[in-house]
Amino acid sequence: MPIPELVGHRGYPRQYPENTLIGIEAAIAAGARFIETDVQLTRDLIPVLFHDPDLTRICGVAGAIADYSHEELQKFSASEFERFGYKFAQTRIADLAELAGLLRRYPAVTAFIELKRISIERFDVPTVIERVWAALEPLGAQCVPISYALAPLAAARRHWPAVGAVIDRWRERRGEALCALRPEYLFCDVDGLPRFGKLQFPGAKLAVYEVVDPEIALRLAGRGVDLIETFAIGEMRRALALADAGA
C-alpha cells in the first residue's frame, strides 16, 4: 500500500493561523518535508504570505493586501481571531524574505510558493516574478513556484528548474497551454477528480488538495497521487504512520 507524501497546506492551519511563520515551522516540526504557502504583493511591492483576496477573515480589517504598504500591514494581527481568539494575537503577516530565512534552516524541506492571481492582475507578471525571485534566490531549487495562472509559471522558468500548475478540475489538464508548459508538478482539487481510475499527467508529480482524511489520502496514493496537501499535517502524519505499520 503506497503511502503518499504530505504537504503542509498553508503551514499547519489545524493548529495555527494559516500562512504564518509559526504555523509553517510547526508543520516542519511535525515532520513535513513539503510545505505550501500563498504570496501576494503589498502596495509597495513586498511579497508577503497571504491567501485571501481581502484581509477580513485573517486580520479582521477591510481592504486587500495590495491596498496597504508593508509597514501598514505590520499593524494588523494575522491571528484568525474567529478561530483562535487572542492565542496568536502577536502574530503578524510574514513577508517572503522571512520565510526564506526560515527555510534556510531546513534545507531538506521543499516549499511550494503559490503566486496568487490577484497580485498578477493588480500588478503584472514581470513584477511579481522578479519580486518573488529576489526574496527566494538564495534558496534556488528548494522552492517551486505554483499558480492557477500559467503566464507567470512560463516566466518563472527563467529562474526555477521546476514549476507547478494548479487546476480545479481534472479535465483541465488537457488544456493546450497547460500541456505546452509541461509542469513538473500538477495540483488538483480533490473535489474535481474523477471518482475512479488511475491519475497521471506525463512528466509531472501529482498533488491533491485539500485532504484531512487519511483513508482518502491512501486511496488517492493507490491511484497514482504523489503528494497530499493537508491543513492537518501532524494528525495526518500520525494516522498514515499507523496505517503503514499495520500494512
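Spacing of the modelled spin labels on ARG57 and ALA134, each 7 Å from Cα toward Cβ, amounts to 3.0 nm. The aspartates and glutamates whose alpha-carbon is closer than 19 Å to the alpha-carbon of LYS87, local same-chain residues fewer than 8 away aside, are GLU18, GLU25.
Comparing mean-square fluctuations of CYS179, CYS143, CYS188 from a GNM of the chain with C-alpha springs under 10 Å, the top value falls on CYS179. Partners of LYS116 within straight-line reach, counting lysines whose Cα lies under 20 Å from its Cα and excluding those fewer than 8 residues away in the same chain: none found.
Given their separation in residues at 0.36 nm each and the Cα-Cα distance between them, GLN74 and ARG171 gain 30.8 nm when the chain is fully extended.
Normalised radius of gyration (Cα atoms, divided by 2.2 N^0.38 Å) for the chain: 0.98. Each label was represented as a point 7 Å from its Cα along the Cα-to-Cβ direction; for CYS179 and ASP67 these points are 4.3 nm apart. Using 0.36 nm per residue and subtracting the Cα-Cα separation, the extra length available between PHE84 and MET1 on full extension is 26.2 nm.
Readers should treat all values here as calculations from the given coordinates under stated rules, not as data from a laboratory. A quick note: this is a predicted structure, and the numbers were derived from the prediction, not measured. Neighbour counts are summed over all protein chains in view; Cβ atoms, including those assigned to glycine, are modelled from backbone coordinates with ideal geometry.
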